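Enquirer: Have a look at this one.
What follows draws every value from the coordinates through simple rules; no lab data is involved. Computed from a predicted model, the values in this text were never measured in an experiment. For neighbour counting, all protein chains shown are included, and Cβ atoms are generated from backbone atoms with ideal geometry for every residue, glycine included.
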Amino acid sequence: MKRREFIKTGLAGGVLALTGGRFIAQEARMADARIEILLDEPIGRIAPEIYGHFVEHLGGVVYDGIWVGEDSKVPNIGGVRQAIVEAMKRIKASVIRWPGGCFADSYNWRDGVGPRKDRPRRPNFWIDAREWPKGAPDGPWKYDPNHFGTDEFLRFCQLSGAQPYLAANVRSLTARDFYEWVDYCNSPAGTTTLAEMRAAAGQRDPWNVRYWGVGNESWGCGGSFTPEEYAVEYRRFMEWVPRYGLNLAFIGSGPNSGDLSWSRRFFGRLAEKGGFGRMWGWGLHHYSWNVTGGRTNDWFEGKGDAVKYPDEEWYELLSEANRTEKLITDHWAIMGEFDRQHRVKLLVDEWGAWYKPGSEVHNSHLLGQQATIRDAVLAGLTLDIFHRHADKVAMANIAQLVNCLQSLFLAHEDKFILTPTYHVFDMYAAHQGGQSLRTNVSASPLKYTINGKPATMRGLNGSASLHDRRLVLTVTNPDPKASVNTEVTIYGANVKEVGITTLTAKDVHAHNSFDNPRAVEPQTSQGAARGRALVYNFAPASVTRLQITLA
Ligand code: AHR
C-alpha cells in the first residue's frame, strides 16, 4: 500500500482496536504524536553486540558482584554468582568487556593465571579514588587477590553465552605482553608453553577471543597520550599479533564524548601510514553526568543524586543521553573523511548514567549507585539511538554490569536484585539481529525550567526492527508527567496482533531495593487487532515494547 493511501484509510476510520493494554479505539487524528515505520527503508542489521556489557575490577563489580568464590554460601558456578549467570542468559547478553576501564592499563594478565593460591595480591588501580564511600573497608576491591583472572572471566562469558572483549594494557606493559596474552587465550591446544599453562588451568582448547581493545581512554588514564602518540602505540600493538587463523577484531581507544579532534587527529595519523590495518572498531565513551544545565562543568560538582532528584535533573540527565545521537553522527563523519569505505565501525564501549556517591548498597562499592525508572528511560532511549544508527554502531557496552555506574544488577553477599535497566535490556533483546527500519517520530519537545531559564528536550522517541513477519517497536516517553497519545503507522503491511510490554512507575524516583526488589517491573498484555493503523497511549516516564505481528 502506498504511504498516502494508507494515511487516508487510517484517518477514514481504519483504526486498530485493541482490548488489552492501553490501546484505545479512537480516531487517529486525536493523536498528540505520530510514529511512522517505513518497512521499505532498512538501515542495517542490529548487531547483537550492541547489547554488550562491561566489567571492571572496580569497587564491588568483580568481588561481591560476580566472583563470590567456590566456597561461598552464595550459590555459585565455580566461584561465579549463579544468579547473575542465569539473568545474563535470559537477556541474551552478547559480549562482555574486561578487565577495564582504567584498571586495564594497570593490569598484568599474568597475575591472574595459574593456581589461585599462588597469585599475587596487588593494589587496585582505584585505590586512591576520592569517591570511596565513607568507611570503605580494606578487601579485594582495594587489594586485588587476582582470584578472578583470565580463565575465570572467560568461563563467566561462556556460562553467560556472551563473547569476551579483552582490553590490553598499553600504558604500563609492552606489545610483547599483549601478544603473549593472545597466545595464552588463543594458541591451539598443546602448541605453546602458554597453551600448556592454559590447559593446566582446565582449558585445553583455545578460548578463541576475537575482540581485543588496544588500551582504554588513552587520552586520559590509559597513558595521557596525544592522538599522534597513541597512533604510534596503536600500530605497534596491533601489528603482527599472532592470529592462529582467527579473524581478530582490534578496537582503538576512541574519544571522550565530543572530543572530535581525538578522532580526527588519530585517523589522520593512521591514514598517513597506509590506513587502518586490522582495526575493526573505534570506541567512543559517553557518560550522562552533568545535571546542572551548564552551571558548572566540574566533574564532581556537576553530578546529581541517583535517587533524590528535582524535576530539572530528570530532564537534564536524559538530555545528556540524547546527545549520543549527535556524537555518533559527528565522529562517524570524521572517520569517513579518512576511511571512505567506513571499514572501521563505531563502538560505544562505555555509556550510561554517572551520579555522585551516596546511593551505593555497600560501602565497598566504589562508584556504586542505585537505578531508578529514570535510568530505564535513559537505557531505552540510548538503545533506540544505537538501532537508528545500526549501519554505524557495531557494539556498545553499558557501564557497568553490577554494583557500579548504570548497573543491571545490585548484589551484596547473598542479596541480589535486578534494576529497571535490566528490565529494559530484557525487553529490548527482541531487537537483536533484526533489520533496523527508518522510524520517524513526530512529537512535541518537553519544556522545563533550569537555572531560572526555559529549556526544552526531545519528547517521545523510539526505534523499530523487522524479524520476518514480526515487527518490534520500542518507545520511550521521557515526559515525567504526561502520557502521549500516539498514532503508529506502518507503511507496507497490516497489523494482525500486538504484544505489549511496559515499564513505568507512578513515582519518577521509583527503584528496586533489597527490601522491595520488584517495585519496578514490566507489565505485559496482549491486543487482538483489527484494522490498519493503531493508536497507543504511552504512559509518563515509560519504556514500551510493542511486538507487532504483521498480517
Ligand atoms: O567506568 C568507570 C571508568 O570510566 C572507566 O574505568 C573509565 O574507562 C571511564 O573513565
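Enquirer: Filter the GluC sites (Glu not before Pro) in segment 263-334 to those in DSSP coil with at most 11 other Cβ atoms within 10 Å of their Cβ, and list the result.
Expert: E301
Enquirer: How much net charge surrounds A394 when only the other residues with a Cβ under 13 Å from the Cβ of A394 are counted, with Lys and Arg +1 and Asp and Glu -1? Show your work: numbers first, answer last.
Expert: Values: positive: R45, R210, R343, K345, K392; negative: E49, D349, D391.
Local net charge: +2.
Enquirer: Would you mind computing the Rg to Rh ratio of segment 69-191 from its alpha-carbon coordinates, Kirkwood style for Rh?
Expert: Numbers: Rg = 15.5 Å, Rh = 16.0 Å.
When Rh is taken as the Kirkwood radius, the ratio is 0.97.
Enquirer: Which of the peptides 342-349, 141-148 is most tightly packed, and how do the rest follow, judged by the mean count of other Cβ atoms within 10 Å per residue?
Expert: Values: 342-349: 22.9, 141-148: 21.2.
Listed from highest to lowest mean packing, they are 342-349, 141-148.
Enquirer: Given segment 204-289, report the % of alpha carbon pairs whose separation exceeds 17 Å.
Expert: Cα-Cα pairs of segment 204-289 separated by over 17 Å account for 48 percent.
Enquirer: Using the Kirkwood radius over Cα pairs, work out the Stokes-Einstein diffusion coefficient for segment 217-261 at 10 °C and 1.306 mPa s, in µm²/s as a whole number.
Expert: Reported coefficient: 134 µm²/s.
Enquirer: Rounding to the nearest 20 debye, state how big the charge dipole of segment 219-262 is about its Cα centre with +1 on each Lys and Arg Cβ and -1 on each Asp and Glu Cβ.
Expert: On the way: 3 positive and 5 negative charges, 46 e Å.
So the dipole magnitude of segment 219-262 works out to roughly 220 debye.
Enquirer: A follow-up question, please. Net charge within 12 Å of P255 by Cβ-Cβ distance, Lys/Arg positive one each and Asp/Glu negative one each, not counting P255 itself?
Expert: So the surrounding residues net to -3.
Enquirer: While we're here: Can you divide the C-alpha Rg of segment 33-119 by 2.2 N^0.38 Å and report the result to two decimal places?
Expert: 1.56
Enquirer: Select from H412, P75, L159 the residue farthest towards the positive end of the dipole of the chain; place +1 on Cβ of Lys and Arg, -1 on Cβ of Asp and Glu, and compute about the Cα centre.
Expert: L159
Enquirer: For the chain, what does the helix formula give at 222 nm: sum of -39500 (n - 2.57) over DSSP H segments with n ≥ 4, over the residue count, nearest 500 deg cm²/dmol?
Expert: For the chain, the value works out to -7000 deg cm²/dmol.
Enquirer: Name the chymotrypsin sites (Phe, Trp or Tyr not before Pro) in segment 212-243 that are in a loop by DSSP and that have at most 14 other C-beta atoms within 10 Å, would you?
Expert: In loop regions of segment 212-243 (DSSP not H, G, I, E or B), the sparsely surrounded chymotrypsin sites (Phe, Trp or Tyr not before Pro) are W240.
Enquirer: Now for a separate question. What lysines does K506 reach when the alpha-carbon gap must be under 24 Å and sequence neighbours fewer than 8 apart in one chain are set aside?
Expert: Answer for K506, where 24 Å is the Cα cut-off: K308, K447, K481, listed by chain and number.
Enquirer: D for segment 134-185, whole µm²/s, Stokes-Einstein with Kirkwood Rh over alpha-carbon pairs at 25 °C and 0.890 mPa s: what number?
Expert: Using the Kirkwood radius from Cα pairs, D works out to 184 µm²/s.
Enquirer: So which lysines can K345 reach, going by Cα to Cα under 29 Å and dropping same-chain residues fewer than 8 places off?
Expert: Leaving aside lysines fewer than 8 places away in the same chain, those within reach of K345 are K89, K92, K273, K326, K392.
Enquirer: Still on this structure, I have one more. Give the percent of DSSP beta bridges with both residues in the chain that are antiparallel, rounded to the nearest 5.
Expert: Numbers: 61 of 104 bridges.
Bridges in the chain are about 60 percent antiparallel.
Enquirer: Let me ask something additional. Determine the distance separating the Cα centre of segment 469-494 from the Cα centre of segment 394-456; give it in Å without decimals.
Expert: Going from one Cα centre to the other spans 17 Å.
Enquirer: Using Cβ-Cβ distances only, list the Cys residues of the chain with no partner cysteine under 4.7 Å, sorted by number.
Expert: Isolated Cys, the chain: C157, C185, C404.
Enquirer: What are the GluC sites (Glu not before Pro) within segment 155-248 that DSSP puts in a loop, where the Cβ has at most 12 other Cβ atoms within 10 Å?
Expert: For GluC sites (Glu not before Pro) across segment 155-248 that sit outside H, G, I, E and B with at most 12 neighbouring Cβ atoms in 10 Å, the list reads E239.
Enquirer: State the answer as a single residue: which of T504, V520, Y536 lies farthest towards the positive end of the charge dipole of segment 497-551, with beta carbon charges of +1 for Lys and Arg and -1 for Asp and Glu, about the Cα centre.
Expert: Projecting each Cα onto the dipole axis, the largest value belongs to Y536.
Enquirer: Can you tell me the Rg and the Dmax, both Å, for the Cα atoms in segment 361-507?
Expert: 17.3, 54
Enquirer: Sticking with this structure for a sec: Relative to the Cα centre, what is the charge dipole magnitude of the chain, using +1 at the beta carbon of each Lys and Arg, -1 at the beta carbon of each Asp and Glu, and rounding to the nearest 20 debye? Don't skip to the end; give the middle numbers.
Expert: Values: 63 positive and 61 negative charges, 292 e Å.
My answer is approximately 1400 debye.
Enquirer: Sticking with this structure for a sec: How much of the pair distance distribution for the chain lies past 29 Å, counting alpha-carbon pairs only, in percent?
Expert: Everything past 29 Å amounts to 53 percent.
Enquirer: Around T329, under 12 Å between beta carbons, what's the net of Lys plus Arg minus Asp minus Glu among the other residues? Kindly include the intermediate steps, with their values, before the conclusion.
Expert: Values: positive: R323, K326, R388, K392; negative: E325, D330, D391.
Net of charged neighbours comes to +1.
Enquirer: Taking the Cα centre of segment 53-103 as the origin, how large is its charge dipole in debye, to the nearest 20, when only Lys and Arg (+1) and Asp and Glu (-1) carry charge on their Cβ atoms?
Expert: Value, rounded to 20: 280 debye.
Enquirer: For segment 287-412, count the residues as N, evaluate 2.2 N^0.38 Å, and divide the Cα radius of gyration by that value, please.
Expert: Numbers: Rg = 15.7 Å, N = 126, 2.2 N^0.38 = 13.8 Å.
The reported ratio for this selection is 1.14.
Enquirer: Compare the Cα positions of I548, A455, Q400 along the charge dipole of the chain (+1 at Cβ of Lys, Arg; -1 at Cβ of Asp, Glu; about the Cα centre) and return the one farthest towards the positive end.
Expert: So the residue we want is I548.
Enquirer: Taking the Cβ of each residue in D479, D414, D375 as the centre, tally the other Cβ atoms inside 10 Å and list the residues starting with the fewest.
Expert: D414, D479, D375
Enquirer: Using a 10 Å cut-off around each Cβ, can you sort K308, K506, K415 from fewest to most neighbouring Cβ atoms? Walk me through the intermediate numbers first.
Expert: Working: K308 12, K506 9, K415 15.
Ranked by crowding around the Cβ, least crowded first: K506, K308, K415.
Enquirer: A further question follows. Counting only Cα atoms, I'd like the Rg/Rh figure for segment 179-335, Kirkwood definition for Rh.
Expert: Numbers: Rg = 20.2 Å, Rh = 18.3 Å.
With Rg and the Kirkwood Rh in hand, the quotient comes to 1.10.
Enquirer: Among R176, R204, which comes first, second and so on when ranked by fewest other beta-carbon atoms within 10 Å?
Expert: By the 10 Å Cβ count, ascending: R176, R204.
Enquirer: Something else: Take the alpha carbon atoms of segment 65-112, find their center, do the same for segment 290-309, and report the distance between the two centers in whole angstrom.
Expert: Going from one Cα centre to the other spans 31 Å.
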